[in-house]
Amino acid sequence: MDNVVQPVTVPHSRLEDALAMVLGTLMVSFGVIMLKQAGALTGSTAGIAFLISYLSSCSFGSAFFLINLPFYWLAVRRMGWEFTLKTFCAVGLVSLFTHLHPLFIHFSELNPFYATLFGNIVMGIGFIVLFRHKASLGGINILALWLQDRFGIRAGKLQMAVDTCVVFASLFVVSVPMLLASVAGAIILNLIIAMNHRPGRYRV
């Protein structure tokens, strides 16, 4: 038993991190475009950005970037500068790509339920790519983790509370069928993350 060879962990190179950042944010932003085209939404910070874009002339990308700004201070305190800088870049790229995608692709006909479900699947895969390279899309997740550390408030409960508020607020913005599709899509997205991003599952 003492002769068992432990696997050697090999950290990602800066080039690998950069490529993953671009690929991950491309996938997340493409999923966002599909949800936007369908008139759907999702939870967390992205859900708030969707609501703002539906209720005002502000684009999703601009709203998403601005909403995240107050959370970087918390990210530095809890996660460190490397994570914060990667998250800042990831948020910026998602915001940028949501503006660029429509210049190259347009859906003339798209089933809204399919778009909502598949868009969340694409976003979930993009999240996993970012998580594997120690980045995120910030926002409410960072606040939830900070409150959990500081005051003992369970991060999952705060996240659920925010998502619930987004769902209730969306009743005044989207139709009930699209709301139900959005909830189903959000469940799928979170299942993808839960199945593929567990502590100790990956060594790098």
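General remarks:
- Accessible-area ranking of 146, 73, largest first, probe 1.4 Å: 73, 146
- Simple label model, 7 Å out from Cα along Cβ direction - residue 111 to residue 180, nm: 1.6
- Charge dipole magnitude, Cβ of K and R +1, D and E -1 - the chain, Cα centre, debye nearest 20: 420
- The calculated FRET efficiency for residue 73 paired with residue 160, based on their beta-carbon distance and R0 = 22 Å, is about 0.35.
- Over the chain, relative contact order from alpha-carbon pairs under 8 Å, at least 6 apart, %: 34
- Converting the Cα gyration tensor eigenvalues of the chain into ellipsoid dimensions via √(5λ) gives semi-axes, longest first, of 29, 20, 17 Å.
- Remark: spin-label model distance residue 56-residue 191 equals 3.5 nm, labels positioned 7 Å along the Cα→Cβ axis.
- At the residue level, residue 16 shows approximately 90 square angstrom of accessible surface with a 1.4 angstrom probe and all protein chains present.
- Spatial extent of segment 36-114: Rg and Dmax, with the Cα atoms as the point set, Å: 14.5, 46
- With Cα atoms, 0 to 90° folded angle of helix 176-196 axis to the chain main axis: 10
- Rg to Rh, two decimals, where segment 86-176 supplies the alpha carbon set and Rh follows Kirkwood: 1.02
- Each of 66, 85, 119 was placed along the dipole of the chain (beta-carbon charges, centred on the mean Cα), and the one lying farthest toward the positive end is 85.
- Spin-label proximity, residue 14 to segment 54-91 - amide N less than 17 Å from point 7 Å beyond Cα toward beta carbon: 81-87, 89-90
The values are calculated or read from the model by the stated rules, or taken from the named source; none is laboratory data. All figures in this text were calculated on a predicted structure; none of them were measured in a lab. Glycine gets a Cβ as well: all are built from the backbone with ideal geometry, and neighbour counts include every protein chain shown. Just so you know, the surface numbers come from the protein's heavy atoms only, side chains and all, with ligands and any DNA or RNA stripped out. Shrake-Rupley method; radii C 1.70, N 1.55, O 1.52, S 1.80 Å.
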